[in-house]
Amino acid sequence: MCDAMATGILRVFIAVDIPNEIKNALYGVANASAFSGIRIVPKDNMHITLVFLGSVKMDVVDDAKTAIENLKIGPFSSRLESIKTFGKKSNVAFAEVAEGNEGFLSLNSYLMKSLSGKVEIDNRFMPHVTIARGKDPSKLSKFAGLCNERWKGMDFRAENICIKRSTLSHTGPAYDTIFDKAL
């Protein structure tokens, strides 16, 4: 049993998984564009985070499960477009959601309201898939430009919502799904 489960504290977030074909395509583009100082996100870790809950007690995870079970938003179409960074000081490169934003914004808004007062949540939200990290923003910007030369965007359907546990280690985070529901 992991220490987090024994203490009743889990590091979790709520996300929408993306199809494997998109994970494979993004991973391929990122690997083809990578150079020193850029850490590519493992394809199994690629997703769209809706709400990061942080390190929380199991009762907050249970509240999140209840909110998801009561969710009345169905599947929707979306499109991942250009690859960019969050600006001059960014340590993240990502594929931006260009179409279908409304669905992700509705999910985020619903979850923020449902979990309000139960956990402190960062209310800044822009749907995206993180594909790489790095310490040098100028290298990341160059990397994003190289990725854009190879990436043509892809359409997909958002069909499920899940709670993922994040376990940190010296090799990076590992995610496992602890709750999943079809939209």
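We did not get these values from a lab; they are worked out from the coordinates using the rules stated. All values reported here derive from a predicted model rather than from experimental measurement. Using ideal geometry, Cβ is built from the backbone for each residue, glycine included, and neighbour counts are taken over all protein chains shown.
A few points about this structure:
- Cα convex hull, segment 74-146: 101 Å³ per residue, rounded to a whole number.
- Ordering of 120-131, 13-24 by packing [mean C-beta count within 10 Å, highest first]: 13-24, 120-131
- Against the main long axis of the alpha-carbon atoms of the chain, helix 20-33 sits at an angle near 40°.
- Taking a sphere under 12 Å around the Cβ of GLU81 and counting the other residues whose Cβ falls inside, with K and R at +1 and D and E at -1, yields a net charge of 0.
- For segment 73-106, trypsin sites (Lys or Arg not before Pro) are listed when DSSP marks them as loop and at most 14 other Cβ atoms sit within 10 Å of their Cβ; the list is LYS88, LYS89.
- Lys, Arg +1 and Asp, Glu -1 on Cβ, resulting dipole of segment 10-182 about Cα centre, debye, nearest 20: 620
- Most positive-pole-ward Cα, SER33, HIS170, THR49, against dipole of the chain from beta carbon charges: SER33
- Residues of type lysines that LYS65 reaches as a straight line, Cα spacing below 23 Å, ignoring anything fewer than 8 places off in the same chain: LYS57, LYS113, LYS118, LYS164, LYS181
- Lys, Arg +1 and Asp, Glu -1 on Cβ, resulting dipole of segment 92-167 about Cα centre, debye, nearest 20: 360
- Overall dimensions of the chain by Cα: Rg and Dmax, Å: 16.4, 47
- Dipole orientation for segment 10-182: of the candidates SER78, ASN148, TYR110, ASN148 has the Cα lying most toward the positive pole (charges on Cβ; Lys, Arg +1; Asp, Glu -1).
- Charge tally in the Cβ shell below 10 Å around LYS23, where Lys, Arg are +1 and Asp, Glu are -1, LYS23 excluded: -2
- Cα gyration tensor of segment 12-104 - equivalent ellipsoid semi-axes, whole Å, descending: 27, 17, 13
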